[in-house]
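The structure under discussion appears below in the form of structure tokens.
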């Protein structure tokens, strides 16, 4: 005779317990992702604030602008310490020469800026790094750069964000909104922080402002020093 075995399925209680466990796991993953994103925004805000503080501390100490300091290499290397590794100097004309295109390639006095702040000990890094290698990686996988181009007009001529600016590239839209709310007014086309629509995975040069943030896009954001 054949032996018949009783087959039992999951009870409603067991299914409910499994669903609760899956919900808790998904909630933990999503919450963890949110914490990671918030951590990136906090680090980016701290990095920008740090560069602003370093910029002003440098001018207080040397009475010159980082990047524009010079007008000869010996004016810098003769300071000793980490300064002996510096290879870039400015013309000491009171202007950090860095066009929008120089923001990410280290052209003009852009890489000078980072070399000088590193040599002075205001930020971490090797003062000998030059060109694009002098740039600093930001928490979003893009770069941190410097420019003094009059860019990002919010309402035509006379509304540009002028002066020296520190910029971040490849900032996701949702996080750009959060960062702007923390540091400015939450809008990409007004205030002391402006945003240019960028291409995904590209260090887009700062330029025309975006009218609104879109969470599916990436941005280059710049803040006055």
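Bear in mind that the values in this text are calculations on the coordinates, not laboratory data. None of these values were measured; they are calculated from a predicted model. So basically every Cβ, Gly included, is an ideal-geometry build from the backbone, and we count neighbours across all protein chains shown.
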- Among 82, 110, 169, which one shows the biggest mean-square fluctuation in a GNM of the chain, springs joining Cα atoms closer than 10 Å? 82
- Sequence of 219, 62 once ranked by neighbouring C-beta atoms within 10 Å, starting from the fewest: 62, 219
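Could you state, as a whole-number percent, how many of the C-alpha pairs of the stretch 74-114 are farther apart than 14 Å? List each step's numbers first, then the result.
On the way: 403 of 820 pairs.
Value for the stretch 74-114: 49 percent of Cα pairs lie more than 14 Å apart.
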- the stretch 37-53 and the stretch 79-107: distance between their alpha carbon centers, rounded to Å: 23
- Query: To the nearest µm²/s, what D does Stokes-Einstein give for the chain at 10 °C and 1.306 mPa s, using the Kirkwood radius over alpha carbon pairs as Rh?
  - Reply: 81
- Query: What residue among 128, 53, 150 shows peak mean-square fluctuation when the chain is described by a Gaussian network model with Cα springs under 10 Å?
  - Reply: 53
- Item | residue 60/residue 200 FRET efficiency (R0 41 Å; Cβ-Cβ; nearest 0.05) | 0.55
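Got a sec? How would 75, 69 order by Cβ neighbour count within 10 Å, fewest to most?
On the way: 75 16, 69 28.
Least crowded to most crowded, the residues run 75, 69.
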- Item | Rg and Dmax of the stretch 44-90, Cα atoms only, in Å | 11.9, 35
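Given the Cα-Cα distance of residue 216 and residue 11 and 0.36 nm per residue of separation, how much length would full extension add, in nm? Spell out each step's value before the answer.
Working: separation 205, 0.36 × 205 = 73.80 nm, distance 4.25 nm.
Stretched out fully, the residue 216 to residue 11 stretch lengthens by 69.5 nm.
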- Message: Report the gain in length on full extension from residue 130 to residue 53: 0.36 nm times residue separation, minus Cα-Cα distance, nm rounded to one decimal.
- Response: 25.5 nm
- Query: Dividing the Cα radius of gyration by the Kirkwood radius, what Rg/Rh value follows for the stretch 46-144?
  - Reply: 0.93
- Task: Please give the contour-minus-distance gain from residue 174 to residue 160: 0.36 nm per residue of separation, less the Cα-Cα distance, rounded to one decimal in nm.
- Result: 2.6 nm
- Query: Mean residue ellipticity at 222 nm from the helices of the chain, using -39,500 (n - 2.57) per DSSP H segment of n ≥ 4 over the full residue count, to the nearest 500 deg cm²/dmol?
  - Reply: -12000 deg cm²/dmol
